[in-house]
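Engineer: Sharing a structure below in structure tokens format, with a few things to ask.
The values are calculated or read from the model by the stated rules, or taken from the named source; none is laboratory data. Note that the structure is predicted; figures quoted are calculated from it, not measured. Using ideal geometry, Cβ is built from the backbone for each residue, glycine included, and neighbour counts are taken over all protein chains shown.
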Amino acid sequence: QESRRRRAQVKIRVERDVLAEAVAWAARSLPARPPAPVLAGLLLKAEEGTLSLSGFDYEVSARVSVEAETEEEGTVLVSGRLLADICRALPNRPVEISTDGVRATVTCGSSRFTLHTLPVEEYPALPQMPSATGTVPGEVFASAAQQVAIAAGRDDTLPVLTGVRIEIE
């Protein structure tokens, strides 16, 4: 297991604001008390000028991609909440993320943070995203959801009543 984690080398450079927004968005989907430690992780995948960040807890998944300078392609799993906290504290300069064995290093200006990586091979396979059936401007969707969310139940004993049905015609 240790040898497999050592092989995953990643080296990317991305703008701080872009990274912080993507990490914050993806980290919102992470469970407060995950049933397994790897489910508290954000999966970072660097390939061909893109950094993809994913979170998944077997119920909810989130995935976002941002432009990045990719020096070494690869995949790494790190604590999502810790990475989000670090990104919020970074100065407004380009951020470099690199891996070395079982550590990931986040460097921005004179700031440098080291995170322990989580075992990527224990992370669940991400679900396939369905194809888009339509598009709605964000503010229109938010307004519509706000109008009907008040009717959604708050009692988890009947989970079907805690949702909101969405139809796109």
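Engineer: Go over the candidates Ala149, Ala144 one by one and state the one that is outside the structural domain of Glu59 (by TED's automatic domain parsing) and farther than 19 Å from Val60 by Cα.
Structural biologist: Result: Ala144 is the single residue among Ala149, Ala144 that is outside the structural domain of Glu59 (by TED's automatic domain parsing) and farther than 19 Å from Val60 by Cα.
Engineer: Would you kindly identify the strands (runs of 3 or more DSSP E) lying entirely within the range 1-83 that contain at least 2 residues that are more than 19 Å from Ser98 (Cβ to Cβ)?
Structural biologist: Qualifying strands (runs of 3 or more DSSP E): 50-56, 61-67.
Engineer: Take Leu82 and tell me if it is surrounded by 15 or more Cβ atoms within 10 Å (Cβ to Cβ) and farther than 17 Å from Lys11 by Cα.
Structural biologist: Criteria met by Leu82.
Engineer: In this structure, does Glu121 turn out to be in a helix (DSSP H, G or I) and touching a residue at least 40 places away in the same chain (Cβ under 8 Å)?
Structural biologist: It is true that Glu121 is in a helix (DSSP H, G or I) and touching a residue at least 40 places away in the same chain (Cβ under 8 Å).
Engineer: Here's a follow-up. Go through the range 145-161 and give me each residue that's touching a helix residue (DSSP H, G or I) at 6+ places or on another chain (Cβ under 7 Å), surrounded by 10 or more Cβ atoms within 10 Å (Cβ to Cβ) and without any contact (Cβ under 8 Å) to a residue 12 or more places away in the chain.
Structural biologist: Gly153
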